[in-house]
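Heads up, the thing below is written out as structure tokens.
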Amino acid sequence: MSEPFFPQLFQTSQTITPYLHGDIGRIESDAIHIDNDINPIVQELYRQLSETYPEAGRAYWLTRTWDLLCWQPI
């Protein structure tokens, strides 16, 4: 993406609502991000789900793991 993309995006977002404030920050080493090795995080989340809901089965654990990683901050 071009350099002016994000400032323009943030400025346009502010015209919609002041709650859509954005800035570019540093990505922490333990953040769930494509540039970080998140396998241990994913495996631990899956393990916790499988132990908490053993009756749900593998399909649920896989789907719920994906759902939590994609839609909710952990």
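The values are calculated or read from the model by the stated rules, or taken from the named source; none is laboratory data. Because the structure is predicted, anything quoted here is derived from the model rather than measured. Don't worry about glycine lacking a Cβ; one is built from the backbone with ideal geometry, like all the others, and counts go over all protein chains shown.
Is there a residue being closer than 16 Å to residue 69 by Cβ, among the aliphatic types (A, V, I, L, M) and either within 21 Å of the chain's Cα centre (by Cα) or surrounded by 10 or more Cβ atoms within 10 Å (Cβ to Cβ) (or both) anywhere in segment 43-56?
For segment 43-56, residues closer than 16 Å to residue 69 by Cβ, among the aliphatic types (A, V, I, L, M) and either within 21 Å of the chain's Cα centre (by Cα) or surrounded by 10 or more Cβ atoms within 10 Å (Cβ to Cβ) (or both): present.
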Take the residues of segment 1-32 that are surrounded by fewer than 10 Cβ atoms within 10 Å (Cβ to Cβ) and among the aliphatic types (A, V, I, L, M): which is farthest from residue 69 (Cα to Cα)? 16
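Results for (1) without any contact (Cβ under 8 Å) to a residue 60 or more places away in the chain; (2) within 15 Å of the chain's Cα centre (by Cα); (3) assigned to a loop (DSSP other than H, G, I, E, B), shown as yes or no for each residue.
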| position | (1), (2), (3) |
| --- | --- |
| 3 | yes, no, yes |
| 12 | yes, no, no |
| 19 | yes, no, yes |
| 23 | yes, no, yes |
| 30 | yes, yes, yes |
| 34 | yes, yes, yes |
| 64 | yes, yes, no |
Return yes when residue 2 is hydroxyl-bearing (Ser, Thr, Tyr), at pLDDT 95 or above and on the phi < 0 side of the Ramachandran plot and no when it is not. no
